[in-house]
1. When you go through A101, A167, A94 one by one, which is the residue that is buried (at least 19 other Cβ atoms within 10 Å of the Cβ), under 19 Å from T68 (Cα atoms), in contact with a Lys or Arg (Cβ under 6 Å, 6 or more places away or on another chain) and at pLDDT 85 or above?
2. Select, from L83, L79, L70, the only residue that is more than 19 Å from R129 (Cα to Cα) and among the hydrophobic types (A, V, I, L, M, F, W, C).
3. For V161, which of the numbered conditions (1) surrounded by 17 or more Cβ atoms within 10 Å (Cβ to Cβ); (2) among the aliphatic types (A, V, I, L, M); (3) out of contact with any Leu (no Cβ under 6 Å at 6 or more places or on another chain) fails to hold?
4. Quick one: in segment 104-122, of everything that is under 27 Å from T68 (Cβ atoms) and hydrophobic (A, V, I, L, M, F, W, C), which residue is surrounded by the fewest Cβ atoms within 10 Å (Cβ to Cβ)?
5. Is at least one residue of segment 185-197 under 30 Å from A254 (Cα atoms) and among the basic types (K, R)?
6. With the checklist (1) under 18 Å from the mean Cα position of the chain (by Cα); (2) under 21 Å from I45 (Cα atoms) in hand, flag the one item G203 doesn't pass.
7. If you scan segment 155-186, which residues turn out to be assigned to a strand (DSSP E or B) and either over 21 Å from L17 (Cβ atoms) or hydrophobic (A, V, I, L, M, F, W, C) (or both)?
Amino acid sequence: MVYLASPRYRRYFRANLRAAGYADGALLSRAIAEAGKGLLELPAIWLRPHETVAGFVVQVSGWELVETALARRRGIIFLTPHLGCFEITAQYYAYRAPANAPITVLYRSPKKKAVEPLMLAGRARPNLRLASADLKGVRILLRALKKGEAIGILPDQAPGVGEGEWAEFFGRPAYTMTLAGRLAGAGARVILAYAERLPRGQGYHLHLEAMPEPLAGESLARALNRALEGLIRQCPAQYGWSYNRYKVPAGAPAPK
(Lines give C-alpha, C1' and ligand atoms only; values in the text may rest on other atoms or scores of the structure.)
Protein backbone atom coordinates (compact mmCIF):
# COMPACT_ATOMS: atom_id res chain seq x y z
CA MET A 1 0.00 0.00 0.00
CA VAL A 2 2.84 2.41 0.83
CA TYR A 3 4.61 1.54 -2.42
CA LEU A 4 1.49 2.32 -4.43
CA ALA A 5 0.61 5.50 -2.53
CA SER A 6 4.01 7.20 -2.23
CA PRO A 7 5.88 8.32 -5.38
CA ARG A 8 8.99 9.13 -3.35
CA TYR A 9 8.98 5.67 -1.73
CA ARG A 10 8.70 4.05 -5.17
CA ARG A 11 11.45 6.26 -6.59
CA TYR A 12 13.98 5.39 -3.87
CA PHE A 13 13.00 1.72 -3.92
CA ARG A 14 13.50 1.28 -7.65
CA ALA A 15 16.56 3.54 -7.95
CA ASN A 16 18.41 1.75 -5.14
CA LEU A 17 17.64 -1.66 -6.61
CA ARG A 18 18.91 -0.55 -10.01
CA ALA A 19 22.08 0.91 -8.47
CA ALA A 20 22.81 -2.48 -6.92
CA GLY A 21 22.28 -4.24 -10.23
CA TYR A 22 18.81 -5.62 -9.47
CA ALA A 23 16.33 -4.62 -12.14
CA ASP A 24 14.09 -7.67 -12.49
CA GLY A 25 10.44 -7.37 -11.55
CA ALA A 26 10.40 -10.57 -9.52
CA LEU A 27 12.92 -9.26 -6.98
CA LEU A 28 11.10 -5.92 -6.80
CA SER A 29 7.83 -7.65 -5.90
CA ARG A 30 9.54 -9.82 -3.28
CA ALA A 31 11.35 -6.83 -1.78
CA ILE A 32 8.08 -4.89 -1.47
CA ALA A 33 6.46 -7.86 0.26
CA GLU A 34 9.40 -8.27 2.66
CA ALA A 35 9.24 -4.56 3.54
CA GLY A 36 5.62 -5.09 4.50
CA LYS A 37 6.52 -8.08 6.65
CA GLY A 38 9.20 -5.99 8.36
CA LEU A 39 6.59 -3.47 9.43
CA LEU A 40 3.90 -5.95 10.44
CA GLU A 41 6.24 -8.09 12.55
CA LEU A 42 7.20 -5.18 14.84
CA PRO A 43 4.32 -5.59 17.33
CA ALA A 44 5.39 -9.17 18.01
CA ILE A 45 9.07 -8.22 18.33
CA TRP A 46 8.39 -5.27 20.62
CA LEU A 47 5.44 -6.50 22.70
CA ARG A 48 5.91 -10.24 23.22
CA PRO A 49 7.90 -11.51 26.25
CA HIS A 50 11.67 -11.57 25.79
CA GLU A 51 11.86 -15.36 25.94
CA THR A 52 9.18 -15.66 23.26
CA VAL A 53 10.95 -13.22 20.94
CA ALA A 54 14.30 -14.98 21.37
CA GLY A 55 12.54 -18.22 20.50
CA PHE A 56 11.61 -16.81 17.11
CA VAL A 57 15.27 -17.31 16.15
CA VAL A 58 15.27 -20.97 15.14
CA GLN A 59 18.74 -21.17 13.58
CA VAL A 60 22.06 -19.44 14.30
CA SER A 61 25.21 -19.50 12.18
CA GLY A 62 28.47 -18.17 13.60
CA TRP A 63 27.69 -18.01 17.32
CA GLU A 64 31.20 -19.31 17.99
CA LEU A 65 32.45 -15.84 17.01
CA VAL A 66 30.48 -14.40 19.93
CA GLU A 67 31.76 -17.01 22.37
CA THR A 68 35.37 -16.38 21.36
CA ALA A 69 34.93 -12.63 21.68
CA LEU A 70 33.30 -12.94 25.09
CA ALA A 71 36.20 -15.06 26.30
CA ARG A 72 38.65 -12.34 25.24
CA ARG A 73 36.74 -9.64 27.19
CA ARG A 74 37.77 -6.97 24.68
CA GLY A 75 34.25 -6.05 23.69
CA ILE A 76 32.07 -6.81 20.65
CA ILE A 77 30.81 -4.42 17.97
CA PHE A 78 27.75 -5.82 16.19
CA LEU A 79 27.14 -4.14 12.84
CA THR A 80 23.55 -4.86 11.85
CA PRO A 81 22.31 -3.29 8.59
CA HIS A 82 18.67 -2.83 7.68
CA LEU A 83 18.54 -6.39 6.41
CA GLY A 84 15.95 -8.96 7.46
CA CYS A 85 14.58 -8.51 10.96
CA PHE A 86 17.28 -6.22 12.34
CA GLU A 87 15.18 -5.56 15.47
CA ILE A 88 15.58 -9.11 16.74
CA THR A 89 19.38 -9.45 16.59
CA ALA A 90 20.18 -7.43 19.73
CA GLN A 91 17.24 -8.98 21.59
CA TYR A 92 18.51 -12.47 20.84
CA TYR A 93 22.05 -11.63 21.95
CA ALA A 94 20.74 -10.02 25.15
CA TYR A 95 18.73 -13.13 25.96
CA ARG A 96 21.55 -15.59 25.32
CA ALA A 97 24.61 -13.66 26.56
CA PRO A 98 25.75 -13.74 30.21
CA ALA A 99 24.52 -11.01 32.54
CA ASN A 100 28.01 -9.50 32.82
CA ALA A 101 28.15 -8.89 29.06
CA PRO A 102 25.09 -6.77 28.18
CA ILE A 103 24.63 -5.06 24.85
CA THR A 104 24.19 -1.32 24.34
CA VAL A 105 22.49 -0.36 21.09
CA LEU A 106 22.77 3.02 19.41
CA TYR A 107 19.42 4.31 18.16
CA ARG A 108 18.14 7.36 16.31
CA SER A 109 14.84 8.96 17.33
CA PRO A 110 12.09 8.36 14.74
CA LYS A 111 10.65 11.27 12.79
CA LYS A 112 7.21 10.49 14.23
CA LYS A 113 7.68 11.32 17.90
CA ALA A 114 4.51 9.47 18.87
CA VAL A 115 6.22 6.20 17.91
CA GLU A 116 9.30 6.76 20.12
CA PRO A 117 7.79 5.70 23.52
CA LEU A 118 6.53 2.46 21.99
CA MET A 119 9.86 1.84 20.27
CA LEU A 120 11.86 2.45 23.46
CA ALA A 121 9.54 0.26 25.53
CA GLY A 122 9.74 -2.54 22.96
CA ARG A 123 13.53 -2.43 22.74
CA ALA A 124 14.16 -2.15 26.49
CA ARG A 125 14.89 -5.73 27.50
CA PRO A 126 16.95 -7.36 30.26
CA ASN A 127 20.65 -7.20 29.35
CA LEU A 128 19.91 -4.66 26.60
CA ARG A 129 20.52 -0.93 26.94
CA LEU A 130 19.82 1.95 24.57
CA ALA A 131 21.99 4.97 23.76
CA SER A 132 20.91 7.92 21.63
CA ALA A 133 22.83 8.67 18.44
CA ASP A 134 24.69 11.73 19.74
CA LEU A 135 27.96 12.53 21.50
CA LYS A 136 26.60 11.34 24.84
CA GLY A 137 25.55 8.05 23.27
CA VAL A 138 28.97 7.53 21.70
CA ARG A 139 30.60 8.00 25.10
CA ILE A 140 28.26 5.38 26.53
CA LEU A 141 29.35 2.97 23.77
CA LEU A 142 33.02 3.61 24.52
CA ARG A 143 32.52 2.90 28.22
CA ALA A 144 30.70 -0.33 27.37
CA LEU A 145 33.56 -1.51 25.15
CA LYS A 146 36.15 -0.67 27.79
CA LYS A 147 34.27 -2.95 30.17
CA GLY A 148 34.35 -5.77 27.61
CA GLU A 149 30.66 -5.50 26.79
CA ALA A 150 28.86 -5.58 23.43
CA ILE A 151 27.45 -2.71 21.42
CA GLY A 152 25.18 -2.61 18.38
CA ILE A 153 25.20 -0.14 15.49
CA LEU A 154 23.13 0.21 12.32
CA PRO A 155 25.99 0.95 9.90
CA ASP A 156 24.02 1.79 6.76
CA GLN A 157 22.36 4.99 7.94
CA ALA A 158 23.62 8.26 6.48
CA PRO A 159 25.49 10.02 9.33
CA GLY A 160 25.44 13.71 10.09
CA VAL A 161 27.99 16.13 8.68
CA GLY A 162 31.45 15.53 10.11
CA GLU A 163 30.54 11.98 11.15
CA GLY A 164 31.24 10.25 7.87
CA GLU A 165 33.07 10.20 4.57
CA TRP A 166 32.15 9.40 1.00
CA ALA A 167 32.69 5.79 0.01
CA GLU A 168 31.36 3.62 -2.79
CA PHE A 169 28.23 1.62 -1.98
CA PHE A 170 26.92 -0.51 -4.85
CA GLY A 171 28.80 1.61 -7.34
CA ARG A 172 27.66 5.03 -6.11
CA PRO A 173 29.20 7.38 -3.52
CA ALA A 174 27.37 7.19 -0.20
CA TYR A 175 28.12 9.25 2.90
CA THR A 176 29.28 6.48 5.23
CA MET A 177 29.74 6.53 9.00
CA THR A 178 33.26 6.42 10.39
CA LEU A 179 32.12 5.67 13.96
CA ALA A 180 32.38 1.89 13.57
CA GLY A 181 36.01 2.11 12.45
CA ARG A 182 36.96 4.46 15.28
CA LEU A 183 35.36 2.23 17.89
CA ALA A 184 36.98 -0.89 16.46
CA GLY A 185 40.37 0.72 17.06
CA ALA A 186 39.98 -0.08 20.75
CA GLY A 187 40.55 -3.78 19.99
CA ALA A 188 36.94 -4.95 20.05
CA ARG A 189 35.79 -7.80 17.82
CA VAL A 190 33.63 -6.60 14.92
CA ILE A 191 30.84 -8.98 13.92
CA LEU A 192 28.37 -8.50 11.06
CA ALA A 193 24.88 -9.67 11.93
CA TYR A 194 21.50 -10.03 10.28
CA ALA A 195 18.40 -12.13 10.92
CA GLU A 196 17.05 -13.68 7.74
CA ARG A 197 13.27 -13.89 7.71
CA LEU A 198 12.30 -17.48 6.91
CA PRO A 199 9.30 -18.20 4.67
CA ARG A 200 5.78 -18.94 5.89
CA GLY A 201 6.34 -17.63 9.41
CA GLN A 202 8.92 -20.27 10.33
CA GLY A 203 11.02 -17.77 12.31
CA TYR A 204 14.48 -16.30 11.70
CA HIS A 205 17.96 -17.50 10.86
CA LEU A 206 20.56 -15.33 12.61
CA HIS A 207 23.73 -14.97 10.53
CA LEU A 208 26.95 -13.84 12.24
CA GLU A 209 30.14 -13.19 10.25
CA ALA A 210 33.54 -11.71 11.04
CA MET A 211 34.19 -8.30 9.57
CA PRO A 212 36.64 -8.78 6.66
CA GLU A 213 39.96 -6.94 6.66
CA PRO A 214 40.26 -3.90 4.37
CA LEU A 215 41.87 -4.50 0.99
CA ALA A 216 45.18 -2.86 0.15
CA GLY A 217 44.67 0.89 -0.11
CA GLU A 218 41.02 0.62 0.90
CA SER A 219 39.51 3.05 3.40
CA LEU A 220 37.67 1.72 6.46
CA ALA A 221 34.46 3.27 5.15
CA ARG A 222 34.75 1.46 1.82
CA ALA A 223 35.67 -1.79 3.61
CA LEU A 224 32.49 -1.41 5.67
CA ASN A 225 30.33 -0.83 2.61
CA ARG A 226 31.94 -3.76 0.80
CA ALA A 227 31.14 -6.01 3.76
CA LEU A 228 27.54 -4.78 3.82
CA GLU A 229 27.22 -5.39 0.08
CA GLY A 230 28.28 -8.98 0.68
CA LEU A 231 25.58 -9.48 3.30
CA ILE A 232 22.90 -7.88 1.16
CA ARG A 233 23.83 -10.07 -1.83
CA GLN A 234 23.03 -13.09 0.35
CA CYS A 235 19.46 -11.93 0.94
CA PRO A 236 18.66 -9.01 -1.41
CA ALA A 237 14.87 -9.18 -1.13
CA GLN A 238 15.07 -8.40 2.60
CA TYR A 239 17.13 -5.22 2.45
CA GLY A 240 15.64 -1.78 3.15
CA TRP A 241 15.84 -0.46 -0.40
CA SER A 242 13.42 2.41 0.26
CA TYR A 243 15.94 4.36 2.37
CA ASN A 244 17.63 7.33 0.69
CA ARG A 245 21.14 5.96 1.23
CA TYR A 246 22.78 8.35 -1.21
CA LYS A 247 21.55 11.66 0.20
CA VAL A 248 23.96 14.52 0.90
CA PRO A 249 23.62 15.52 4.59
CA ALA A 250 23.10 19.22 5.18
CA GLY A 251 26.51 20.90 5.31
CA ALA A 252 28.44 17.89 4.04
CA PRO A 253 30.75 18.31 1.03
CA ALA A 254 29.39 16.93 -2.22
CA PRO A 255 30.92 13.64 -3.38
CA LYS A 256 33.79 13.92 -5.81
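The values are calculated or read from the model by the stated rules, or taken from the named source; none is laboratory data. Keep in mind it's a predicted model, so treat the numbers as computed, not measured. So basically every Cβ, Gly included, is an ideal-geometry build from the backbone, and we count neighbours across all protein chains shown.
1. Details: A101 fails: in contact with a Lys or Arg (Cβ under 6 Å, 6 or more places away or on another chain); A167 fails: under 19 Å from T68 (Cα atoms).
Exactly one residue qualifies, and that residue is A94.
2. Numbers: L79 fails: more than 19 Å from R129 (Cα to Cα); L70 fails: more than 19 Å from R129 (Cα to Cα).
Only one candidate qualifies: L83.
3. With (1) surrounded by 17 or more Cβ atoms within 10 Å (Cβ to Cβ); (2) among the aliphatic types (A, V, I, L, M); (3) out of contact with any Leu (no Cβ under 6 Å at 6 or more places or on another chain) applied to V161, the lone miss is (1).
4. L106
5. Residues of segment 185-197 that are under 30 Å from A254 (Cα atoms), as a first pass: 185, 190, 192.
Filter again for among the basic types (K, R), leaving none.
No: segment 185-197 contains no residue that is under 30 Å from A254 (Cα atoms) and among the basic types (K, R).
6. If we test G203 against (1) under 18 Å from the mean Cα position of the chain (by Cα); (2) under 21 Å from I45 (Cα atoms), just (1) comes out false.
7. G164, E165, W166, A167, F169, A174, M177, listed by residue number.
Residue by residue, here is whether (1) in a loop (DSSP other than H, G, I, E, B); (2) touching a residue at least 40 places away in the same chain (Cβ under 8 Å); (3) closer than 19 Å to L39 by Cα holds:
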{"position": "H207", "(1), (2), (3)": "no, yes, no"}
{"position": "A216", "(1), (2), (3)": "yes, no, no"}
{"position": "A221", "(1), (2), (3)": "no, yes, no"}
{"position": "G230", "(1), (2), (3)": "no, no, no"}
{"position": "Y246", "(1), (2), (3)": "yes, yes, no"}
{"position": "A250", "(1), (2), (3)": "yes, yes, no"}
